[in-house]
Amino acid sequence: MRTIQIDDVHVTYSGRAKVRAVRGVTFSVSEGETVAIVGESGSGKSSIGRVIAGLQGTSSGSVRWLSEEPFAPEGALGEGLKLADRPRVQMVFQHPDQSLDPSWTVRRSISEPLIRLGVAKNRTREIGEELMERVGLPGDFIDRSPRELSGGQAQRVAIARALIASPHIVVLDEPTASLDQTVRARLLGTLRELQAATNVGYLLISHDMSSVRRLSDRVLVMYRGRVVEEGSTSQIMDAPVHPYTVALIDAVPPADPRIAWHPKQFVTEPGLDAESTWTECPVPGPCAEHGTGLQEVAPGHLVACIRDPDDVAAAA
Amino acid sequence: MTSLTLSGLTVLAPSGRPILDDIGFHVDPGEIVGLVGESGSGKSMTSLALTGMLPDAVTPAAGTASLGDQTFMSGGKVTRRPEISMVFQNAKAALNPTMRVGKQIERLLVKLGATGRGDLTGRIRSILAEVGIADADRVRKAYPHQLSGGMNQRVMIAMALAAEPRFLIADEPTTGLDVTVQAQILRLLASTTADSNRGVLLITHDLGVVAQTCSRVVVMYHGRIMETGPVDDIFHAAKDPYTRELIASANPDDVVVGAEGVLS
Amino acid sequence: MTMPTIDSSDRPVPVVKLRPQMKRLWQWHTGNIGFFVGLGILVALVVLTFVVPAIAGNGEIADPAQTLLPPSPQHLFGTDQFGRDIFVRSMAAAKIDLVLALTVAIVGLVIGSIVGALSAAFGGWFDLVVMRITDIAMAFPAFVLALIITASLGNSATNAAIGVTIAYIPQFIRLTRSQALEIRSADFVAASRVSGTKTFVIAVAHILPNSLRPAFVQASLIAAWAILDIAGLSFLGVGVQPPTAEWGAMIAEGTGDVLRGAWWTAFFPGLMILAAAASFQMIGDRLERSFR
């Protein structure tokens with residue numbers, strides 16, 4: 001089983017002001033599993049996704065594949081191809097209206113990853129058509145242009161494109177954020193089926209808790225560039241420990257007036273009325289002893305100190 | 001504070017087709033009424049009609065509206081500017097990007113009749129404090145793009161409230177904001193409404209927001225009102241089939257993520 | 001909750017559907033008069049430039065007996081100092097000017113847009129160099145640049161076309177590049193990179209086709225200016241040389257005669273330039289509005 005490992009990755013954007021988008025993140029994603037990264041704007045989750053997809057470089061830390069297994073031909077491709085060139089990580093983006101080239105037909109867009117692999121034209125066509133079926137699109141859509149597709153349909157094309165060259169991991173960057181409620185549910189179902197059929201691994205980046213719950217095995221909660229909590233989906237969703245995670249889950253107003261809603265706040269911005277700031281650290285034991293990094297509070301369930309390492313360093 | 005009453009609002013598209021068809025509702029002082037619908041339902045168009053900002057292409061055909069006992073709309077057209085303030089979705093677009101935030105508030109206050117330099121700064125600080133901004137000086141001196149979306153939204157609400165309107169319309173005020181920021185903004189809206197006993201028309205497509213902040217709900221679809229009623233009735237005993245469908249889609253079978261199962 | 005009763009006078013009058021339809025058709029046609037006029041002129045010129053010489057020859061034959069005759073039913077635009085029919089010559093000249101103008105626009109568009117897209121796609125020093133070169137080129141008025149280039153290459157219709165084309169390429173580069181810079185950050189470009197496609201291929205297959213719009217619209221306007229430039233060059237004796245019929249050259253030849261009272265020798269070729277340039281301009285305006 002192939003696994004991509006990220007170790008202590010930092011991503012800093014230099015510009016007029018240096019923005020430290022990712023500050024020391026470590027985790028892995030393997031084939032067959034779904035790891036979710038949740039967080040809000042400024043958390044660094046999108047940057048991590050881009051790093052894994054190869055679109056963004058790191059300022060420090062490493063990204064590597066753990067397994068020594070050769071990349072055997074599998075899925076739809078067969079032998080005799082430049083498989084070493086095949087993209088091992090693919091990505092599906094948030095906005096359906098931007099993820100497909102408006103001047104290309106669906107057929108051309110789906111087959112793009114196969115171009116460099118020397119796959120014969122008619123074989124490409126076969127594979128493309130088969131994949132259309134797998135993602136739940138009628139075969140004749142393959143000759144349409146993106147303008148003739150709805151948001152959900154465009155996302156399905158993007159998913160087909162991502163899977164066509166049998167990658168090991170697919171980064172899903174807010175794949176349903178721009179879609180209506182009903183379309184969302186169906187798309188998530190398709191993603192699950194495809195994973196079962198192809199054993200692909202997903203890195204799901206999202207702020208939508210219900211999607212995360214449906215699709216993921218493990219969840220990482222990111223806040224201002226670092227992971228503040230990590231664990232299995234049920235650990236995070238049903239028994240969150242870090243105050244930010246609690247605030248994040250609490251913050252979604254339930255669509256039922258009979259459910260009481262008193263969201264706990266984790267005040268994020270300096271200069272705001274400091275109401276309901278948490279002062280109790282979720283990690284047991286004195287903060288000075290356990291440091292600001294992640295500590296295990298239950299098997300597989302890790303939590304970070306409430307203090308931010310940069311604030312601690314600045315105060316020192 | 002006074003109540004808002006709207007009845008018979010009908011607005012036509014250039015082709016003659018009604019975009020809004022006989023829209024009417026009523027908001028009491030201190031109430032937050034939710035105007036709910038999917039995109040294309042006409043909810044934003046309604047708020048534009050109430051504030052006299054309908055686009056040129058459409059034709060108001062009928063409609064009467066009044067704030068308390070003062071009628072400000074007849075025949076669908078606004079006859080005198082009502083004391084209604086509006087808060088929009090995209091704060092960054094509503095604020096002037098080339099002017100510091102403090103300056104923009106100052107200009108607004110001057111237009112509203114304030115005088116005296118020192119007096120102004122003090123007023124700006126208290127206005128910002130009202131929306132939960134403690135570090136008023138930093139925010140005053142910043143440009144909109146230097147502030148986060150949530151901060152900009154608070155500034156916009158502050159400016160809307162500075163005019164001390166008799167009524168507030170909030171059109172998708174939290175759409176596009178981070179979910180924790182949304183929670184804070186909603187709490188802010190609820191508290192200023194309660195404090196001032198002002199009525200609020202909250203326009204949104206998010207049923208969770210409606211369920212937790214509004215006391216009554218108006219459901220719109222394709223330019224017509226499908227159902228109106230107290231929030232509990234709408235969510236648990238809706239009579240109209242479209243309303244029932246809408247409520248059902250917001251609560252999918254597997255999970256309603258809510259505060260109940262979470263550690264408190 | 002009480003609602004005031006609705007006054008029956010507020011009810012909307014049912015609107016007849018036909019009237020808005022007709023109103024819209026009328027608006028569309030009157031709004032686009034420029035386009036139809038421009039198109040009409042252009043079509044007329046193209047037709048005449050083939051038909052007239054087929055019937056009446058190129059107007060090269062000099063007839064000493066017919067020199068400097070004012071416009072008449074036999075000679076619609078009069079005759080010049082050599083007795084040549086100006087109308088026939090003008091129509092023959094149309095071919096050169098129209099072809100040259102179209103060549104300038106098309107070749108300029110092709111070269112400029114490719115360079116612009118590549119520049120935006122690669123960025124870095126390549127982009128820097130391209131930008132500085134276009135900056136320098138655009139510091140000169142296009143006509144002056146065309147004049148310098150054509151004069152150094154030698155006087156011929158081809159070289160005039162080359163000179164004018166080169167003078168306008170920087171504009172095409174700029175227009176394409178600014179659109180390409182926006183396209184560059186689109187998700188489908190990122191998806192292409194993730195799939196391993198090389199930057200050059202991304203530039204040509206993804207970025208270029210989506211960046212053509214502004215350059216395309218401008219091409220029509222540049223064709224209009226190209227006509228003016230080519231005529232201007234021949235007027236100055238650069239580029240197209242007499243006895244080839246070309247509007248600018250004809251004006252140059254006729255200037256002396258104008259002073260002697262034969263206004264038609266310069267007037268009608270000038271009118272032709274105006275008509276052709278204006279027709280491209282009107283077509284271009286409409287294209288620009290429809291893309292807004």
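The values are calculated or read from the model by the stated rules, or taken from the named source; none is laboratory data. Fair warning: this is a prediction, and the values are worked out from it, not measured in the lab. With ideal geometry, Cβ positions are generated from the backbone for all residues, glycine too; neighbour counts draw on all protein chains shown.
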With respect to residue B:142, is the statement that it is closer than 25 Å to residue A:17 by Cα, modelled with pLDDT of 85 or more and of a type outside the set (D, E, K, R) true?
-> yes
Cross-chain or 6+ apart pairs with Cβ under 8 Å, segment A:200-216 first and within 21 Å of residue B:176 (Cβ to Cβ) and facing chain B (nearest Cβ under 10 Å), then surrounded by fewer than 22 Cβ atoms within 10 Å (Cβ to Cβ) and among the hydroxyl-bearing types (Ser, Thr, Tyr) = A:212/A:233
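The rows are residues; the columns are (1) at pLDDT 85 or above; (2) hydroxyl-bearing (Ser, Thr, Tyr); (3) crowded, with 23+ Cβ neighbours inside 10 Å.
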site	(1), (2), (3)
C:223	yes, no, yes
C:234	yes, yes, yes
C:246	yes, no, yes
C:249	yes, no, yes
C:258	no, no, no
C:275	yes, no, no
Would segment A:159-179 turn up any residue that is part of a helix (DSSP H, G or I), modelled with pLDDT under 95 and among the charged types (D, E, K, R)?
-> yes
Consider residue C:216 against the criteria (1) surrounded by 21 or more Cβ atoms within 10 Å (Cβ to Cβ); (2) hydrophobic (A, V, I, L, M, F, W, C); (3) touching a residue at least 12 places away in the same chain (Cβ under 8 Å): it satisfies all of them except one. Which criterion is unmet?
-> (1)
Counted residues, segment B:135-148 - those being more than 14 Å from residue B:106 (Cβ to Cβ) and surrounded by 20 or more Cβ atoms within 10 Å (Cβ to Cβ) = 2
Any chance residue C:94 is under 14 Å from residue C:56 (Cβ atoms) and either in contact with a Lys or Arg (Cβ under 6 Å, 6 or more places away or on another chain) or part of a helix (DSSP H, G or I) (or both) | yes
In segment C:24-46, anything more than 18 Å from residue B:57 (Cβ to Cβ) and either modelled with pLDDT under 70 or polar (S, T, N, Q) (or both) is listed as C:29, C:30, C:32
Filter pass, residue A:232 being surrounded by fewer than 24 Cβ atoms within 10 Å (Cβ to Cβ), within 11 Å of chain B (Cβ to nearest Cβ) and under 22 Å from residue A:193 (Cα atoms) = no
Could you check, for segment A:98-105, whether at least one of its residues is under 21 Å from the mean Cα position of the chain (by Cα) and over 19 Å from residue C:206 (Cβ atoms)?
-> no
Criterion: more than 14 Å from every other protein chain (Cβ to nearest Cβ), touching a helix residue (DSSP H, G or I) at 6+ places or on another chain (Cβ under 7 Å) and among the acidic types (Asp, Glu) - qualifying residue of B:106, B:83 | B:106
Of these, B:10, B:46, B:51, B:2, which one is under 19 Å from residue B:226 (Cα atoms) and either within 13 Å of the chain's Cα centre (by Cα) or more than 14 Å from chain C (Cβ to nearest Cβ) (or both)?
-> B:46
Might you check whether a residue that is hydrophobic (A, V, I, L, M, F, W, C), at the interface with chain C (Cβ under 9 Å from one of its Cβ atoms) and out of contact with any strand residue (DSSP E or B) (no Cβ under 9 Å at 6 or more places or on another chain) occurs anywhere in segment A:119-134?
-> no
Expected single match for touching a strand residue (DSSP E or B) at 6+ places or on another chain (Cβ under 9 Å), crowded, with 21+ Cβ neighbours inside 10 Å, modelled with pLDDT of 85 or more and at positive phi among B:68, B:132, B:75, B:63 is B:63
Strands (runs of 3 or more DSSP E) within segment A:9-118 that include 1 or more residues surrounded by 18 or more Cβ atoms within 10 Å (Cβ to Cβ), at pLDDT 90 or above and more than 14 Å from chain B (Cβ to nearest Cβ) = A:19-30, A:34-38, A:89-92
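Here's the yes/no breakdown for (1) in contact with a strand residue (DSSP E or B) (Cβ under 9 Å, 6 or more places away or on another chain); (2) at pLDDT 85 or above; (3) farther than 27 Å from residue B:18 by Cβ:
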residue: B:193; (1), (2), (3): yes, yes, yes
residue: B:199; (1), (2), (3): yes, yes, no
residue: B:202; (1), (2), (3): yes, yes, no
residue: B:210; (1), (2), (3): yes, yes, no
residue: B:215; (1), (2), (3): yes, yes, yes
residue: B:220; (1), (2), (3): yes, yes, no
residue: B:228; (1), (2), (3): yes, yes, no
residue: B:231; (1), (2), (3): yes, yes, yes
residue: B:250; (1), (2), (3): no, no, yes
Residues of segment A:167-194 that turn out to be within 25 Å of residue A:5 (Cβ to Cβ) and surrounded by fewer than 19 Cβ atoms within 10 Å (Cβ to Cβ), as a count = 1
Is it the case that segment A:199-206 has a residue that's over 24 Å from residue A:11 (Cα atoms) and more than 15 Å from the chain's Cα centre (by Cα)?
-> yes
Restricted to segment A:135-188, and to residues that are of a type in the set (Asp, Glu) and under 25 Å from residue A:207 (Cβ atoms), which residue is farthest from the other protein chains (Cβ to nearest Cβ)?
-> A:174
In segment B:85-99, which residues are out of contact with any strand residue (DSSP E or B) (no Cβ under 9 Å at 6 or more places or on another chain), in contact (Cβ under 8 Å) with a residue 24 or more places away in the chain and either in a helix (DSSP H, G or I) or under 15 Å from residue B:151 (Cβ atoms) (or both)?
-> B:90, B:91, B:92, B:95, B:97
Would you pick out the residues in segment A:235-266 that are within 21 Å of the chain's Cα centre (by Cα), within 7 Å of another protein chain (Cβ to nearest Cβ) and β-branched (Val, Ile, Thr)?
-> A:246, A:249, A:252
Test: residue A:159 is within 18 Å of residue A:88 (Cβ to Cβ) and within 17 Å of the chain's Cα centre (by Cα) = yes
Looking only at segment B:154-174, and only at residues there that are among the aliphatic types (A, V, I, L, M) and more than 22 Å from residue B:113 (Cα to Cα), the one that is surrounded by the most Cβ atoms within 10 Å (Cβ to Cβ) | B:170
